[in-house]
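Contents: one structure, followed by commentary.
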Amino acid sequence: PNDSIHAARLARARQWSYGEMKPFRESRAEIIKQIVGKNYGDGGSRKSVPLPFLRLFQSVLVPRLAAYAPAAYITTIHNELKSVAWSMMQETNQTAEAINIEETFQAALRDALCGPAGTIKTGLAPHEEELVHEGFAHDYGSPFATHVSFNNWIVDMGATSFESALFEGNYYRLPFEEVANSPYFNKRARGRIKEGGPTAPSDTNEGPGDEM
């Protein structure tokens, strides 16, 4: 948004869409309870079964659909570019392995088997220092792919298809120092954070932030 009015409209649309997604999150939570079974703790299934069949279903299907990191094959008909194509192929495959894309695909697939969608956030880190995003460290300037929990995902629920959605995003946690010193957050909330320290409640916590 380029101004405060559009930013406020986007914030209202985001909050409305997140509320509209609540039935899907609740359904996902019930499926996860069946997967973890009765002995997981207070949040598990109420029924005791020797082997949760949904867990068995996941354990069989996930390795078949996302057993390995995808491999790139890059070639060219031009002899003078064959060495470049080979180097690009090697770099692409090494990068996929370095960012643990296999584990990311498996996590997104498990999410998709529990609910409407599995989501992966991809991009390039823009600066020269290390970026920590949702508990994972990414090298600036390098590509990254991170699984986004369905609990934290937001999409335009007023759209009739993914292609026509006007916005999409996710809630995530930020380092304490970044929130306390950032001008993008409410000044009063930042003051409360600085007074109370990292565990202080704040007005900036609009979403769940936690993985299921």
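Values for this structure:
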item: Residue in segment 92-109 that is most open to solvent (accessible area, probe 1.4 Å), counting only those that are part of a helix (DSSP H, G or I) and β-branched (Val, Ile, Thr); result: Thr92
item: Hey, Ala67 small (Gly, Ala, Ser), more than 23 Å from Asn151 (Cβ to Cβ) and outside any helix (DSSP H, G or I) or not; result: yes
item: Whichever residue in segment 116-126 is under 26 Å from Ile32 (Cα atoms) and within 14 Å of the chain's Cα centre (by Cα) and, among such residues, is most open to solvent (accessible area, probe 1.4 Å); result: Thr122
item: Residue among Ser4, Ser27 that is of a type outside the set (D, E, K, R) and in contact (Cβ under 8 Å) with a residue 24 or more places away in the chain; result: Ser27
item: Complete set of residues in segment 59-97 that are under 18 Å from Pro143 (Cβ atoms), at pLDDT 85 or above and of a type in the set (A, V, I, L, M); result: Ala71, Ala72, Ile74, Met88, Met89, Ala96
item: Residue list for segment 155-181, restricted to those being free of Cβ contacts under 8 Å to residues at least 40 places away in the same chain, assigned to a loop (DSSP other than H, G, I, E, B) and not aliphatic (A, V, I, L, M); result: Thr160, Ser161, Phe162, Glu163, Ser164, Tyr171, Tyr172, Arg173
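The values are calculated or read from the model by the stated rules, or taken from the named source; none is laboratory data. From a predicted model like this one, the values you see are computed outputs, not experimental measurements. Methodologically, a virtual Cβ is constructed for each residue, glycine included, from the backbone with ideal geometry; neighbour enumeration extends over all protein chains shown. Side chains included, ligands, DNA and RNA excluded: accessible areas come from the protein's heavy atoms. Shrake-Rupley method; radii C 1.70, N 1.55, O 1.52, S 1.80 Å.
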